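Report on the structure given below.
The values are calculated or read from the model by the stated rules, or taken from the named source; none is laboratory data. The shown structure was predicted, so the numbers you read here are calculated from the model rather than taken from an experiment. Cβ placement follows ideal geometry from the backbone for every residue including glycine, while neighbour counts extend to all protein chains displayed. Just so you know, the surface numbers come from the protein's heavy atoms only, side chains and all, with ligands and any DNA or RNA stripped out. Shrake-Rupley method; radii C 1.70, N 1.55, O 1.52, S 1.80 Å.
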Amino acid sequence: MSVSRRALLKATAATAVTGAVFAPFVARAQQAEFSYKYANNLPDTHPMNMRAKEMAAAIKQETNGRFDLQIFPTSQLGSDTDTLSQLRSGGVEFFTLSPLILSTLVPNASVSGIGFAFPDYASVWKAMDGELGAYVRGQIAKFGLVAMDKIWDNGFRQTTSSTKPIQTPADLENFKIRVPVSPLWTSMYKAFGSAPASINFAEVYSALQTKIVDGQENPLAIIATAKLYEVQKYCSLTNHMWDGFWFLANRRAWMALPEDIRTIVAKNINAAGEKERADVAKLNASLQQDLSAKGLVFNQPDPAPFRDKLRAAGFYAEWKAKFGDEAWTVLENAVGKLS
Ligand code: X2X
């Protein structure tokens, strides 16, 4: 008895010592030195969130657990307009946002979103990884935010409706269409003679379901992952605009990181963005068949009359004047003459 009691006491003492020595180490390993929030508006199943999860794991590993990126998809932390305010105040450290919605803060950020500017993905990436992207990142930097080098893809936007296919610009007249919160989007649909309603993405499914609006426009990868096909009947491949997501950081939070960590984080975000671009392009090319099987009725209108209508309505001239010559020239250097 006494032997076993002594052994027990020894074991207890050893545990206590071990515990005392290692407990703080364990606590440090579990709690990262930097825990930053990344908010976005897309479903968990969209390539943006799948690549973000991979990227967060890679960053954690490469920083030996010092940097922990917590992902909040599906506008969990608030609508896009709310989250932009939180990003500015530092309530969230990272946010992916359309250049057009970002223009509510950084006016010229939306220059890449002019209707019918880009003919294809090749021209998009050449511009956004080149002079046009650099111009916009420079504009963003004036507002206390940092944009990572590689913009992520949203895609070419298509038009869905519960009432009718969009075949010609006349079909857009008086059409009740949801648009994201951005002056450029509202202006474009006003030029088409539509009735645009500004609604954050978090409310789009229910706005379509309750028929507050008859239609909306988004790339196929979003129509599929956000299940908009459940509440829409027609999908018209209007390809009217390319849209992306700037990966934005609050500048104070970004600069608070030691340089080695900042380098690892930026490298992984940009690499994940390039993978996400490839995923989305692949999805956007293959989803028509899937979505047809789910009941969406597709048509492919000729884009020329839509562009002519915008030109005749003075849309390009108006935005050239708003953006100014410098921004407009950078855009036209990438896509050719627009106005
Ligand atoms: O709100 C939208 O439609 C979305 C998801 O495409 C954007 O973030 C602009």
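For the reader, a short list of remarks on this structure follows.
- Note on the stretch 194-204: among residues that are without any contact (Cβ under 8 Å) to a residue 24 or more places away in the chain and touching a helix residue (DSSP H, G or I) at 6+ places or on another chain (Cβ under 7 Å), the one that is surrounded by the fewest Cβ atoms within 10 Å (Cβ to Cβ) is Ser198.
- Taken over the stretch 49-70, the criterion of being in a strand (DSSP E or B) and under 17 Å from Asn270 (Cβ atoms) is satisfied by Phe67, Leu69.
- Hits in the stretch 71-88 - residues which are part of a loop (DSSP other than H, G, I, E, B) and either closer than 16 Å to Ile199 by Cβ or open to solvent by 30 Å² or more (accessible area, probe 1.4 Å) (or both): Thr74, Ser75, Gln76, Leu77, Gly78, Ser79
- Among the numbered conditions (1) open to solvent by 80 Å² or more (accessible area, probe 1.4 Å); (2) touching a Lys or Arg at 6+ places or on another chain (Cβ under 6 Å), the only one that Lys267 does not meet is (2).
- Meets criteria (open to solvent by less than 10 Å² (accessible area, probe 1.4 Å) and either within 12 Å of the ligand (Cβ to nearest atom) or at pLDDT 95 or above (or both)) for Val181: no
- Note on the stretch 89-116: among residues that are within 16 Å of the ligand (Cβ to nearest atom) and part of a loop (DSSP other than H, G, I, E, B), the one that is nearest to the chain's Cα centre (by Cα) is Ser98.
- Subset of the stretch 236-248 that is over 13 Å from the mean Cα position of the chain (by Cα) and buried (at least 20 other Cβ atoms within 10 Å of the Cβ) - its residue that is nearest to Leu87 (Cα to Cα): Met241
- Leading residue by the ranking (nearest to the ligand (Cβ to nearest atom)) among those in the stretch 205-224 that are surrounded by 21 or more Cβ atoms within 10 Å (Cβ to Cβ) and in a helix (DSSP H, G or I): Ile222
- Among the residues of the stretch 208-235, those that are hydroxyl-bearing (Ser, Thr, Tyr) and either at pLDDT below 95 or more than 22 Å from the chain's Cα centre (by Cα) (or both) comprise Thr210, Tyr234.
- From Phe306, Phe298, residue being under 25 Å from Tyr121 (Cα atoms) and outside any helix (DSSP H, G or I): Phe298
- Some residue of the stretch 129-138 being free of Cβ contacts under 8 Å to residues at least 12 places away in the same chain, surrounded by fewer than 24 Cβ atoms within 10 Å (Cβ to Cβ) and over 19 Å from Asn239 (Cβ atoms): yes
- All conditions but one from (1) open to solvent by 20 Å² or more (accessible area, probe 1.4 Å); (2) more than 20 Å from the chain's Cα centre (by Cα); (3) touching a residue at least 40 places away in the same chain (Cβ under 8 Å); (4) within 16 Å of the ligand (Cβ to nearest atom) apply to Ser162; the one that does not is (4).
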